[in-house]
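Student: For reference, the structure I am asking about is given below.
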Amino acid sequence: MDVFLDAIRQAFGLLLTGDAYLWSIIFRSLQVSGLAVALGLLAGIPLGTWLGLARFPGRGFAVALVNTGLALPPVVVGLFVYIMLSRQGPLGGLGWLYTPSAMIAAQFVLAAPYVAAITLAAVQSVLRLQARALGASRWQALMLHLREARLSLMAAVAAGFGAVISEVGAVMMVGGNVHGETRVITTAIVLETRRGRFATAMALGLILLAIAFAANAFITRVQQAGPRRRPLTS
Amino acid sequence: MRRPLALALSISISISISISSCYPRPREIVLASTTSTEDSGLFEYLLPAFGRAHPEYRIRVIAVGSGEALRLAARGDADVVLAHSPRAEEEFMTAGHGESRTPVMQNDFVLVGPAENGSGACDFSSAASALAGIAESGATFISRGDDSGTHARERELWAAVDVEPGGERYLEAGQGMGAVLMMASEKRAYTLSDRGTYLSLRDRLQLEVLVEGDPRLLNQYSVIVVHGASNAPGARTFADWITSAAAQELIGRYGVQQFGMRLFTPNAAVGQRARSEF
């Protein structure tokens with residue numbers, strides 16, 4: 001138990017003294033996962049909208065794929081992105097492997113389904129309610145509901161961000177955990193624990209917990225606010 | 001609906017209880033070892049033979065860097081250690097964490113690098129001159145950066161040429177030997193590897209051996225029985241077995257068929273003579 005308490009005490013010390021190694025890792029994590037989720041929004045909203053509106057053979061399968069995307073195993077995504085980006089792979093010419101770009105690409109693949117699935121759900125609720133019966137065009141109704149869905153979209157962003165920032169498999173494989181370059185919170189925790197530097201690992205763990213907590217507190221608030229708002233606004 | 005489930009559950013529980021009472025489970029030996037013994041495929045080849053010789057034990061391998069292997073053994077999280085970091089091992093023994101330490105086998109480190117634009121600028125006649133050349137030419141070098149035995153040796157080599165490695169061209173990967181070799185191959189960089197891991201991955205790498213045979217590159221593996229191990233009899237049995245004539249012969253044969261050369265040279269006999277002189 002002493003080991004544990006010692007690690008926590010030293011961890012706070014490291015965080016408060018602004019240890020450069022620590023904060024550079026935290027910054028890299030926020031940068032990689034933040035950009036991945038932002039790109040996920042750019043791709044996920046159109047994809048979800050299209051899937052909700054389009055009618056084509058195999059649409060059911062495509063929807064199931066997006067929903068499966070919510071549970072994509074990070075190591076499998078890591079493997080896929082690694083092969084794509086390796087020198088013999090189709091995108092090897094980019095020279096992205098073992099750089100933050102590769103990590104963003106992998107986390108983008110993990111984050112986009114969150115956004116797409118939530119958008120899809122919002123679009124489908126539009127079609128189900130047939131707002132057009134009230135005189136709105138299909139496009140107007142869609143915009144209305146996407147605006148209404150913005151809270152759930154924000155929750156999707158929080159959920160996606162919480163998921164990618166805490167995954168270790170994909171970023172370890174495609175980033176390589178290079179000091180000062182592709183070392184992020186999760187890969188650093190693996191390495192520092194292996195090296196027996198528990199305080200550093202614990203400090204990073206506390207930051208990760210705080211981020212996950214903030215994301216989940218936000219989601220909970222959105223979910224509780226949702227049903228209460230409905231009767232007031234309609 | 002509930003009842004069949006409960007029935008199935010109770011049946012499976014009673015079966016598993018009766019199985020475990022009929023056949024005493026083999027006692028587990030936790031072996032902390034270097035990534036090189038795992039990555040080179042030696043354990044996969046060697047450990048089944050231990051299982052046949054001693055079915056009463058089951059080995060659980062924790063493949064980590066030598067530094068970490070010794071650290072987790074010092075914490076009591078392993079019964080026996082196979083390491084290749086002589087200085088760290090001596091410190092471990094001096095601190096009283098080890099009950100016995102016996103040499104097992106030897107292999108060597110090799111300095112590897114890109115096949116195409118290799119030898120131009122650098123002098124690859126010795127490890128020291130090669131490292132000095134790499135530092136001077138600004139070529140990329142990938143370090144294990146994980147306090148492993150290979151990392152320790154690499155730092156000793158840098159110290160020998162009086163170079164403090166760093167900068168943008170010196171990447172600390174913080175990963176195992178296999179991952180670092182893959183990274184070096186992808187980035188057309190240089191790295192220090194144990195020969196076994198390099199040979200076992202050679203087909204997938206675009207890396208060639210640039211320096212070998214330098215006495216500074218010799219790599220000695222030793223087995224350490226951890227003092228106060230939770231499975232002390234198992235740990236002693238394993239240490240005795242891996243230094244026995246039978247296991248040593250197996251080690252000496254490993255890799256001959258696949259790579260055309262042995263990956264490890266068994267040398268426990270030398271160590272046992274040394275031990276018996278005390």
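Student: When the stretch B:128-155 is examined, which residues are found to be under 22 Å from B:Gly174 (Cα atoms) and hydrophobic (A, V, I, L, M, F, W, C)?
Tutor: The answer is B:Leu131, B:Ile134, B:Ala135, B:Ala139, B:Phe141, B:Ile142, B:Ala152.
Student: In this structure, is B:Phe43 touching a residue at least 60 places away in the same chain (Cβ under 8 Å), buried (at least 16 other Cβ atoms within 10 Å of the Cβ) and of a type in the set (Phe, Trp, Tyr)?
Tutor: When the stated conditions are applied, B:Phe43 does not pass them.
Student: Mind listing whichever residues of the stretch B:50-109 are within 14 Å of chain A (Cβ to nearest Cβ), buried (at least 23 other Cβ atoms within 10 Å of the Cβ) and touching a Leu at 6+ places or on another chain (Cβ under 8 Å)?
Tutor: Scanning the stretch B:50-109 gives B:Val64, B:Ala69, B:Ala78, B:Ser85, B:Phe92.
Student: Considering the stretch B:148-177 alone, what residues qualify as being of a type outside the set (D, E, K, R) and more than 12 Å from every other protein chain (Cβ to nearest Cβ)?
Tutor: Selection gives B:Gly149, B:Thr150, B:Ala152, B:Leu157, B:Trp158, B:Ala159, B:Ala160, B:Val161, B:Val163, B:Met177.
Student: Exactly one condition in (1) among the hydroxyl-bearing types (Ser, Thr, Tyr); (2) within 26 Å of A:Ala141 (Cα to Cα); (3) loosely packed, with under 11 Cβ neighbours inside 10 Å is false for A:Thr49; which is it?
Tutor: Going through (1) among the hydroxyl-bearing types (Ser, Thr, Tyr); (2) within 26 Å of A:Ala141 (Cα to Cα); (3) loosely packed, with under 11 Cβ neighbours inside 10 Å one by one, A:Thr49 breaks only (3).
Student: Can you give me the number of residues within the stretch B:237-247 that are touching a residue at least 40 places away in the same chain (Cβ under 8 Å) and part of a helix (DSSP H, G or I)?
Tutor: 7
Student: Any chance you could count how many residues in the stretch B:133-155 are among the charged types (D, E, K, R), touching a residue at least 24 places away in the same chain (Cβ under 8 Å) and surrounded by fewer than 18 Cβ atoms within 10 Å (Cβ to Cβ)?
Tutor: Total satisfying the criteria: 0.
Student: Filter the stretch B:178-190 down to the residues that are farther than 18 Å from A:Trp96 by Cβ and among the hydrophobic types (A, V, I, L, M, F, W, C), then identify the one that is farthest from the other protein chains (Cβ to nearest Cβ).
Tutor: B:Leu181
Student: Looking at the stretch A:139-154, which of the residues that are more than 14 Å from A:Gly40 (Cβ to Cβ), hydrophobic (A, V, I, L, M, F, W, C) and touching a residue at least 40 places away in the same chain (Cβ under 8 Å) is nearest to the other protein chains (Cβ to nearest Cβ)?
Tutor: A:Leu151
Student: Restrict the check to the stretch B:254-274 and report whether at least one residue is farther than 19 Å from B:Asn107 by Cα and either in contact (Cβ under 8 Å) with a residue 60 or more places away in the chain or more than 14 Å from chain A (Cβ to nearest Cβ) (or both).
Tutor: Yes, there is a match, as at least one residue in the stretch B:254-274 is farther than 19 Å from B:Asn107 by Cα and either in contact (Cβ under 8 Å) with a residue 60 or more places away in the chain or more than 14 Å from chain A (Cβ to nearest Cβ) (or both).
Student: What number of residues within the stretch A:177-226 satisfy the criterion of being within 14 Å of chain B (Cβ to nearest Cβ) and assigned to a helix (DSSP H, G or I)?
Tutor: 14
Student: For residues that are touching a residue at least 60 places away in the same chain (Cβ under 8 Å) and outside any helix (DSSP H, G or I), scanning just the stretch A:164-176, find the one that is nearest to B:Met183 (Cα to Cα).
Tutor: The residue in question is A:Gly176.
Student: Another question, if that's okay. Of the residues A:Gly48, A:Gly52, A:Gly34, only one is under 20 Å from A:Ser166 (Cβ atoms) and part of a helix (DSSP H, G or I); which?
Tutor: A:Gly34
Student: While we're on this one: Just to be sure, is B:Arg216 charged (D, E, K, R), over 20 Å from B:Val81 (Cα atoms) and modelled with pLDDT of 90 or more?
Tutor: Criteria met by B:Arg216.
Student: I've got another one for you. Pick from B:Leu218, B:Leu205: which is away from chain A (no Cβ under 14 Å) and of a type in the set (A, V, I, L, M)?
Tutor: Result of the check over B:Leu218, B:Leu205: B:Leu218.
Student: State whether the residues of the stretch A:157-168 include one that is within 13 Å of chain B (Cβ to nearest Cβ) and either closer than 21 Å to A:Leu79 by Cα or more than 17 Å from the chain's Cα centre (by Cα) (or both).
Tutor: Checked the stretch A:157-168: at least one residue is within 13 Å of chain B (Cβ to nearest Cβ) and either closer than 21 Å to A:Leu79 by Cα or more than 17 Å from the chain's Cα centre (by Cα) (or both).
Student: Looking only at the stretch B:156-190, filter to residues that are under 18 Å from the mean Cα position of the chain (by Cα) and hydrophobic (A, V, I, L, M, F, W, C); which one of those is surrounded by the fewest Cβ atoms within 10 Å (Cβ to Cβ)?
Tutor: Ranking the qualifying residues of the stretch B:156-190, first place goes to B:Ala179.
Student: Look at B:Gly145 and say whether it is within 13 Å of chain A (Cβ to nearest Cβ), part of a loop (DSSP other than H, G, I, E, B), within 27 Å of B:Glu44 (Cβ to Cβ) and of a type in the set (Gly, Ala, Ser).
Tutor: Considered against the rule, which asks whether it is within 13 Å of chain A (Cβ to nearest Cβ), part of a loop (DSSP other than H, G, I, E, B), within 27 Å of B:Glu44 (Cβ to Cβ) and of a type in the set (Gly, Ala, Ser), B:Gly145 comes out as yes.
The values are calculated or read from the model by the stated rules, or taken from the named source; none is laboratory data. A quick note: this is a predicted structure, and the numbers were derived from the prediction, not measured. Note that we place each Cβ from the backbone using ideal geometry, even for glycine, and neighbour counts take in every protein chain shown.
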